[in-house]
1. Taking only C-alpha pairs under 8 Å that are 6+ residues apart, what is the relative contact order of the chain in percent?
2. Suppose the Debye formula is applied to equal point scatterers at every Cα of the chain; what is log10 I(q)/I(0) at q = 0.10, 0.12, 0.13 Å⁻¹?
3. Which value, in debye to the nearest 20, gives the size of the charge dipole of the range 45-150 about its Cα centre, when Lys and Arg are +1 and Asp and Glu are -1 at the Cβ?
4. Assuming a ≥ b ≥ c are the square roots of the Cα gyration tensor eigenvalues, decide whether the range 100-201 counts as rounded (a/c under 1.5), prolate (otherwise, with a/b larger than b/c) or oblate.
5. Along the principal axes of its C-alpha atoms, what lengths does the range 113-163 span, in descending order and rounded to whole Å?
6. Return the whole-Å distance between the Cα centroid of the range 1-78 and the Cα centroid of the range 132-201.
7. Let me check I've understood the local charge: for residue 22, count other residues with C-beta under 15 angstrom from its C-beta, Lys and Arg +1, Asp and Glu -1. What total comes out?
8. Taking only DSSP H segments of four or more residues, each worth -39500 (n - 2.57), what value at 222 nm results for the chain once the sum is divided by all its residues, to the nearest 500 deg cm²/dmol?
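Throughout, read-outs are computed from the coordinates displayed, never taken from laboratory work. Fair warning: this is a prediction, and the values are worked out from it, not measured in the lab. Glycine gets a Cβ as well: all are built from the backbone with ideal geometry, and neighbour counts include every protein chain shown.
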Amino acid sequence: MVEVEKKFLLNEKETEKLVDGAEFLKEVRLEDAYYDLPGFPLIKHDRYLRSRNGKFELKLLAGDRGEFNVNVYEEVEDETEIQSKLSLGDGNMMASLEKAGYFVVAHIKSVRRKYKKGEFSIDLDTTDFGYNLAEIELMVPSGEGVNEATEKILKFATETGVKVAPGIGVRGKLLEFLYRDKPDVYKEIVEFWRSAGSTKL
Ligand code: V4E
C-alpha cells in the first residue's frame, strides 16, 4: 500500500473545523531517529530511514509530489527487506548500520492525536521543538489511484475550510527540525532537491 498525505499548518480554529465530527482514535507518542550516511545520500534521494519507537522503517518515494506538494510514499517495515534495499549485510540491523557508517541526523519526539473522518485519516502532531502539524492521509494500493486520492484529499481539505493552493510547501517535522537546528544540513539537502527541480521549498 501507498500513503498519500498532505500536511497543513493550521491555526486553532482550522484545526477544530478539521476534526469536527471526526472519530478520535488514540494518542500515541512517537520517538523518531532518522539515519543517513555522510553527505545525506538517502534524504537527498527522498529515502528516509528511521527508527520509530525502536522499530526501523524505510520510507520510499512512490509517486510524484505534484503541484500541490502531496507526499506519496510506501513504507518498508521488514528489517531484512530494509537491509536488502540499502545493501546492508544481514544480521543485527544496528550493527550493520554502524559498520556502514550511518549516523543519527535528527531525533524527534512528538505526540500524535489520530482521528478518522469518513475514509480519511487525520493526524495532529505536536513536536518537542514546538512545531505543530496536521496531516490528512489516504492509503491506496501500490501504483493505483494516487491522483484520485490526491484530488479527494484536496477537496476534503477545501470543504473543511483549510486553504489549499498550488506552490505552498509545508515543511514536515524532519525538514523543520533541520531548518531550525541544522541549517547547513537543511540548505545542502534543499539545494540538492532544487538543482533536481524537485521541491518548492
Ligand atoms: C517523506 C519526507 C520526510 C520523512 C519524514 O517525514 P515527516 O513528515 O517529517 O514525518 P512524519 O512523522 O509525519 O511521518 P509519517 O508518520 O507521516 O510517516 S522528510 C521530507 N520528506 C519528503 C518531502 C520532500 N521530499 N519535499 C518536501 C517539500 N516535503 C517533504
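1. Computed value for the chain: 29 percent relative contact order.
2. Reported log10 I(q)/I(0), two decimals: -0.43, -0.64, -0.75.
3. Details: 14 positive and 20 negative charges, 99 e Å.
About 480 debye.
4. Taking the square roots of the gyration eigenvalues as a ≥ b ≥ c, the range 100-201 is prolate.
5. Extents along the principal axes: 36, 26, 17 Å.
6. The distance from the Cα centre of the range 1-78 to that of the range 132-201 comes to 9 Å.
7. Numbers: positive: 17, 26, 112, 113, 114, 116, 117; negative: 14, 16, 20, 23, 27, 119, 123, 135, 137, 159.
The answer is -3.
8. Numbers: 7 runs with 63 residues, N = 201.
Rounded to the nearest 500, it is -9000 deg cm²/dmol.
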